[in-house]
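Have a look at the structure below before the remarks.
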Amino acid sequence: QVQLVESGGGLVQPGGSLRLSCAASGTIFSIAAMGWYRQDPGKQRELVAVISSGGTRNYADSVKGRFIISRDSAKTTVYLQMNSLKPEDTAVYYCYADHHPVPGTTVVPTWGQGTQVTVSS
């Protein structure tokens, strides 16, 4: 029904940059919010960044000033520009979206399959 397609993960050296993309497709009336979570084995899942339909942005303290979340004009694609990457940024990054399938419904969450980001020299 609704799918989130992620791209941009990979291996990068400390101090480098990566840009993640996530495109939503399917039956979507509107997007309430889109963002990124990350999780490394043995660690708790962490909200990295989120952008609401109104354009409000929120970042985890650990990435503030280094990561930038943005979206396209249709609000169906979200990007995460990751700069000054550190080894502790290594994790599987999951795109998520809260959307309204049809007008008047409550929001429904959808997650991507995840993309691996590895920061290592």
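Quick note: the coordinates plus some simple rules give every number you see, no bench work behind them. All values reported here derive from a predicted model rather than from experimental measurement.
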**OP:** Please list, in chain and number order, the residues 5+ apart from residue 114 or on another chain whose amide H is under 5 Å from its amide H, with Hs placed from the backbone.
**Re:** 95
Subject >> Value of relative contact order over the chain, rounded to a whole percent, pairs C-alpha under 8 Å and six or more apart >> reply: 36 percent
Original post:
Which of the lysines could a cross-linker span from residue 86 if the Cα-Cα distance has to be under 25 Å and same-chain partners fewer than 8 positions apart are dropped?
Top reply: 43, 64
